[in-house]
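Data first, discussion second: the structure below is written as structure tokens.
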Amino acid sequence: MTRTTFPAGFVWGAATSAYQIEGAARADGRGESIWDRFSHTPGKTQGGASGDIACDHYRRWRDDFALLANLGAGAYRFSIAWPRILPSGRGQVNQAGLDFYRRQVDDLLRRGITPYVTLYHWDLPVALEDAGGWPARATAEAFAAYADVVAQALGDRVKHWITINEPWCVSMLSYQVGAHAPGRQDWPAALAASHHTLLAHGMAEAEIRRSSPGAQVGIALNFTASVPASDSQADHEAARAFDGYFNRWFLDPVCGRGYPSDMVAGYMEAGHLPDGLSFVRPGDMDIIAAPTDFLGVNYYTREVVAAAARPGAWQPVYLDTPRTAMGWEIYPEGLFQLLRRLHRAYDLPKIYLTENGVSYLDAPGEDGRVRDGRRIDYLREHLDACLRAIAAGVPLAGYFQWSLLDNFEWGHGYAQRFGAVYVDYATQRRTPKDSFFWYRDVIARNGLGG
Ligand code: FCB
């Protein structure tokens, strides 16, 4: 018999991040972040879009929380903007920033919605970038100090913390690929950034535990299922290399296994680690491996890879398969396989799907309804993968749809729409999509139904 119901107590939520929804980029003492600067640099985002206004959530958050309540969400994952708390990244605390989030947390708690707070969702204060950014160790130390400030202010009422969102994006996408702020393309800097991001996670975890007794602390990693294009050994090796680059490089250290040796060897050979792992100081790997209460998994798609010229290198292969508006392949089986693998190969106490969702561009019809049936299909297939994973013994404890609202999708600006709720940016009007009501039913019955 196929299981359609989730375990009792399964956490249902929606997720957002500060820069993508808040707007009010200059309000109440907020400092500048690398995304303000990047989005205002010509050619970096689609249509020159920025998060200056975004969903104007900074002013409309009460309305947005009413939407969450209407959804029946038991939890809400959102991020705190570091530059609202510490406009220069360190030093002077901006009380108005702390107050803003305290009001939100209190309102959520009043509504019976559990806050899941992410401390870093990519909006690094520019002052820190100018002092070296994530490739500099001092940024990890500044992050720990920031975590301490926030945990002291909110730790009595926030009991679920995610330190860093997607270290691969924070380091590789931002300092090696260069598609995200600050837009650098420098392998050695990116690998140093990856280490400091993980170190920042471990250091912050200790701060949170100090000021937020009984809190659950974790990190959100983004995983892409890595699938070989053929059965050839070379393609299998390529898939393993991509998995190493994207998944294992971050997962293994957090799980106490250190940096994967095949990847270290490959990076050395390619000249990406000119000084070896000199950025790793004694004790770092233990800090990074401090046991977490859960792993946050962000999953959207897979990558099919084939061997490239250099042994162990990979190249993406494009298959003519169903795609989302982002061009990402719809591959729910990858989620099932990923969860099962995480469970079997790593000793994880608990997993939350901290992000899963899809961009389609469906807009309100004449009657005002947003018919996003394709999103319903996507969510249903991925939730079904979750159910199968749970049946296989995976300790999956919750699911957060990305995203509550259509929002600023980084380099894609406003050209992508991941929301359960449609946002008309000219009027800031919110319209729950068909999938919103579908998800509400799923939440209400704690399952997919027959
Ligand atoms: C994830 C990000 C999130 C959003 C989704 C689509 O990588 O964490 O902010 O951009 O992808």
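The values are calculated or read from the model by the stated rules, or taken from the named source; none is laboratory data. Keep in mind the model is a prediction, meaning the values are calculated, not measured. Neighbour counts run over all protein chains shown; Cβ positions are idealised from the backbone, glycine included. These accessible areas exclude ligands, DNA and RNA; they are computed on the full protein's heavy atoms, side chains included. Shrake-Rupley method; radii C 1.70, N 1.55, O 1.52, S 1.80 Å.
See the values below:
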{"read-out": "Residues located in segment 172-192, provided they are touching a Ser or Thr at 6+ places or on another chain (Cβ under 7 Å), open to solvent by less than 10 Å² (accessible area, probe 1.4 Å) and more than 17 Å from G244 (Cβ to Cβ)", "value": "A181"}
{"read-out": "Count of residues meeting criterion [assigned to a strand (DSSP E or B) and either within 16 Å of the ligand (Cβ to nearest atom) or more than 20 Å from the chain's Cα centre (by Cα) (or both)] in segment 266-301", "value": "7"}
{"read-out": "Selection status of P42, part of a loop (DSSP other than H, G, I, E, B), surrounded by fewer than 23 Cβ atoms within 10 Å (Cβ to Cβ) and free of Cβ contacts under 8 Å to residues at least 60 places away in the same chain", "value": "yes"}
{"read-out": "Segment 416-434 residues that are under 12 Å from W402 (Cα atoms), paired with ones that are more than 16 Å from the ligand (Cβ to nearest atom) and part of a strand (DSSP E or B) (beta carbon under 7 Å, 6 or more apart)", "value": "A420/P432; V421/R430; V421/T431; V421/P432"}
{"read-out": "Residues of segment 302-339 classified as open to solvent by less than 20 Å² (accessible area, probe 1.4 Å), in a strand (DSSP E or B) and of a type outside the set (A, V, I, L, M, F, W, C), total", "value": "1"}
{"read-out": "Elements of type helices (runs of 4 or more DSSP H) contained in segment 121-235, each with 3 or more residues being under 18 Å from the mean Cα position of the chain (by Cα) and either within 16 Å of the ligand (Cβ to nearest atom) or farther than 22 Å from Y19 by Cα (or both)", "value": "187-211"}
{"read-out": "Answer residue from segment 64-82, given it is part of a loop (DSSP other than H, G, I, E, B) and of a type outside the set (V, I, T) and is farthest from A140 (Cα to Cα) among those", "value": "G72"}
{"read-out": "Some residue of segment 56-71 being buried (at least 24 other Cβ atoms within 10 Å of the Cβ) and touching an Asp or Glu at 6+ places or on another chain (Cβ under 9 Å)", "value": "yes"}
{"read-out": "Members of segment 99-121 found to be touching a His at 6+ places or on another chain (Cβ under 7 Å) and open to solvent by 20 Å² or more (accessible area, probe 1.4 Å), listed by number", "value": "T114"}
{"read-out": "Total residues in segment 401-450, condition of a type in the set (G, A, S), out of contact with any strand residue (DSSP E or B) (no Cβ under 8 Å at 6 or more places or on another chain) and within 25 Å of H121 (Cβ to Cβ)", "value": "4"}
{"read-out": "Among (1) touching a Gly at 6+ places or on another chain (Cβ under 7 Å); (2) hydroxyl-bearing (S, T, Y); (3) not in a strand (DSSP E or B) - the single one Y101 does not satisfy", "value": "(1)"}
{"read-out": "Matching entry among A127, A138 (being free of Cβ contacts under 8 Å to residues at least 40 places away in the same chain and open to solvent by 10 Å² or more (accessible area, probe 1.4 Å))", "value": "A138"}
{"read-out": "Tally, over segment 157-216, of residues that are small (G, A, S), over 19 Å from V126 (Cβ atoms) and out of contact with any Phe, Trp or Tyr (no Cβ under 9 Å at 6 or more places or on another chain)", "value": "4"}
{"read-out": "The one condition in (1) more than 13 Å from the ligand (Cβ to nearest atom); (2) closer than 23 Å to W35 by Cβ that G357 fails to fulfil", "value": "(1)"}
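Conditions tested, residue by residue: (1) away from the ligand (no atom under 16 Å from the Cβ); (2) assigned to a helix (DSSP H, G or I); (3) on the phi < 0 side of the Ramachandran plot; (4) among the hydroxyl-bearing types (S, T, Y).
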residue: D362; (1), (2), (3), (4): yes, no, yes, no
residue: G368; (1), (2), (3), (4): yes, no, no, no
residue: R371; (1), (2), (3), (4): yes, no, yes, no
residue: I376; (1), (2), (3), (4): yes, yes, yes, no
residue: L379; (1), (2), (3), (4): no, yes, yes, no
residue: H382; (1), (2), (3), (4): no, yes, yes, no
residue: C386; (1), (2), (3), (4): yes, yes, yes, no
residue: A389; (1), (2), (3), (4): yes, yes, yes, no
residue: G393; (1), (2), (3), (4): yes, no, no, no
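Results for (1) at pLDDT 95 or above; (2) within 14 Å of the ligand (Cβ to nearest atom); (3) within 23 Å of P115 (Cα to Cα), shown as yes or no for each residue.
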| site | (1), (2), (3) |
| --- | --- |
| G9 | yes, no, yes |
| W12 | yes, no, yes |
| A49 | yes, yes, no |
| A54 | yes, yes, yes |
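Here's the yes/no breakdown for (1) out of contact with any Leu (no Cβ under 8 Å at 6 or more places or on another chain); (2) within 16 Å of L342 (Cα to Cα):
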position	(1), (2)
R248	yes, yes
L251	no, yes
L273	no, no
L277	yes, no
P282	yes, no
M285	yes, no
A290	yes, no
